Amino acid sequence: MKKRSKILSGLAVFFLFASATTVVVTAQDNDPEPDATPSTATATPSPQPLASPSAVPTPRVYELDGPLQLDSIVRVKVDHLKEWDQASDANDPIKLIPYINGRAIHGNYPEEVHGSYYNLHYHLEITPENKKVWTDLLGEPDGTRRPVTFSVGLENQTPFDTDFGPNNRKLLTVISPLYGLIALLVVLFTSIFFFWLARKTNIIRETGPPAGPGKLRPYNLGRTQMAFWFFLVYSSYLVIWLITGALDTITASLLGLMGISAGTALGEALIDSGKTDARSDQLQNLSAERQALEQSNADLQAQITQLNSIQTETTPDDLANLDRSNKQLQDNRTRLAAIDQQAQTLTPTAASGVSSGFLKDILSDGSGYSFHRFQIFAWTIVLGIMFLASVYNNLSMPEFSATLLGLMGLSSGTYIGFKFPEQK
């Protein structure tokens with residue numbers, strides 16, 4: 001009986017184990033394919049995006065107080081400048097520079113940065129760093145003011161947004177109207193006064209005795225050239241000072257050119273003075289010789305009259321003296337005629353000392369129009385045009401090369417050389 005019970009118990013355990021195995025295998029066959037990454041009991045939360053900082057407002061120039069011109073103080077107001085300053089250590093308002101017409105005015109930093117709204121105070125001035133930019137902005141002036149855009153920004157970076165863009169430009173003063181008017185009146189007065197003197201007096205005319213009632217002496221080329229360069233430099237210096245405020249604008253080459261002009265006038269004056277003195281000395285000598293000859297003729301004539309009045313028979317000695325006296329009297333008369341002819345040649349005619357018109361006076365001598373005079377006249381005009389172009393475009397006196405100055409000096413030297421034999 002006990003044996004039978006053990007067998008039944010073993011069979012029951014076997015069937016239970018078989019049933020459990022069948023259930024497990026069936027469950028595995030019915031489950032889906034597991035994920036490559038094993039799942040965990042605790043779900044991993046998805047990452048949340050980091051909170052981004054608030055965007056810095058873009059600074060914008062919205063107000064500009066004060067005249068926009070060189071050597072003036074302007075106050076610039078920039079919206080959101082405080083936030084821009086605090087956003088980064090690289091943002092420093094003291095390093096902001098003006099931008100005019102999109103051109104950076106390098107080295108022109110604000111002199112003051114103050115106020116809760118960050119007002120920037122600029123003293124606009126020319127420095128070696130920004131001289132070329134100011135020259136481009138102010139050169140080729142066509143009036144006392146010109147419209148420009150304006151902003152500020154860091155050097156070598158894009159300037160801030162501005163209310164003074166292409167559609168709302170500010171006026172940049174090129175020449176102060178008040179000082180410009182005063183300078184214009186001064187230049188006009190001196191120019192008109194000079195032209196009046198040139199027409200009515202001998203300020204740029206040949207030296208010498210008066211030409212006659214109501215007439216003036218001819219114009220002098222050397223003095224005219226010197227006056228030309230004087231007024232050109234004088235007027236240009238005023239214009240450059242009015243626009244840029246610069247005082248030291250006379251270049252070394254310009255001094256050389258003015259020296260050539262002054263040397264030409266001086267050399268011409270010395271030659272003319274020497275000719276006048278020599279002619280005067282010759283005339284004085286001829287006059288003294290004439291007086292001596294006339295006195296000698298009077299004595300000879302008296303002697304001849306005395307010999308002819310002898311009533312007695314004349315001796316051979318008397319006849320010899322009479323022949324000598326007649327021959328000496330004839331020689332003296334021949335010499336007097338030569339003296340008169342020479343004195344007439346040395347004495348300038350009335351027509352030679354009277355002006356024939358400006359161009360004819362400076363381009364001609366006693367023999368007519370001369371090339372050496374035309375050469376120096378032409379080179380003076382060419383260099384004058386170059387001079388005016390440099391002042392107008394670059395607001396500076398030109399720098400003439402040594403070769404060009406040498407060419408001008410050669411023309412002047414040629415003119416002076418031809419003055420020695422020249423008869424005016």
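The values are calculated or read from the model by the stated rules, or taken from the named source; none is laboratory data. Computed from a predicted model, the values in this text were never measured in an experiment. Virtual Cβ from ideal backbone geometry, glycine too; neighbours counted across all protein chains shown.
Residue-level analysis places PHE418 outside the set of residues that are over 18 Å from ALA227 (Cβ atoms), touching a residue at least 60 places away in the same chain (Cβ under 8 Å), touching a helix residue (DSSP H, G or I) at 6+ places or on another chain (Cβ under 6 Å) and not charged (D, E, K, R). For region 37-63, the candidate set comprises residues that are assigned to a loop (DSSP other than H, G, I, E, B) and surrounded by 13 or more Cβ atoms within 10 Å (Cβ to Cβ); within that set, the residue that is modelled with the highest pLDDT is PRO59. Here PRO110 passes the criteria (1) farther than 28 Å from LEU238 by Cα; (2) touching a Phe, Trp or Tyr at 6+ places or on another chain (Cβ under 9 Å); (3) not in a loop (DSSP other than H, G, I, E, B) except the one numbered (3).
Checking GLY66, GLY10 one by one, the residue that is modelled with pLDDT of 90 or more and surrounded by fewer than 16 Cβ atoms within 10 Å (Cβ to Cβ) is GLY66 and no other. Could you say whether any residue in region 166-186 is of a type outside the set (A, V, I, L, M), in a helix (DSSP H, G or I) and touching a Phe, Trp or Tyr at 6+ places or on another chain (Cβ under 8 Å)? No: region 166-186 contains no residue that is of a type outside the set (A, V, I, L, M), in a helix (DSSP H, G or I) and touching a Phe, Trp or Tyr at 6+ places or on another chain (Cβ under 8 Å).
Checking the condition crowded, with 18+ Cβ neighbours inside 10 Å and free of Cβ contacts under 8 Å to residues at least 24 places away in the same chain, which residue from ILE243, ILE204, ILE182, ILE192 passes? Sole residue among the options that is crowded, with 18+ Cβ neighbours inside 10 Å and free of Cβ contacts under 8 Å to residues at least 24 places away in the same chain: ILE204.
The set of residues in region 389-404 that are at pLDDT 90 or above, in contact with a helix residue (DSSP H, G or I) (Cβ under 7 Å, 6 or more places away or on another chain) and hydrophobic (A, V, I, L, M, F, W, C) comprises VAL391, LEU395, MET397.
In this structure, does THR249 turn out to be of a type in the set (S, T, N, Q), in contact (Cβ under 8 Å) with a residue 24 or more places away in the chain and surrounded by 16 or more Cβ atoms within 10 Å (Cβ to Cβ)? Spelling it out, THR249 is indeed of a type in the set (S, T, N, Q), in contact (Cβ under 8 Å) with a residue 24 or more places away in the chain and surrounded by 16 or more Cβ atoms within 10 Å (Cβ to Cβ).
Among the criteria (1) surrounded by 11 or more Cβ atoms within 10 Å (Cβ to Cβ); (2) modelled with pLDDT of 85 or more, the one ARG279 does not fulfil is (2). Taken over region 406-424, the criterion of being buried (at least 18 other Cβ atoms within 10 Å of the Cβ) and of a type in the set (A, V, I, L, M, F, W, C) is satisfied by MET408, ILE416. Checking every residue in region 388-407 against the condition of being of a type in the set (Asp, Glu) and free of Cβ contacts under 8 Å to residues at least 24 places away in the same chain gives zero matches.
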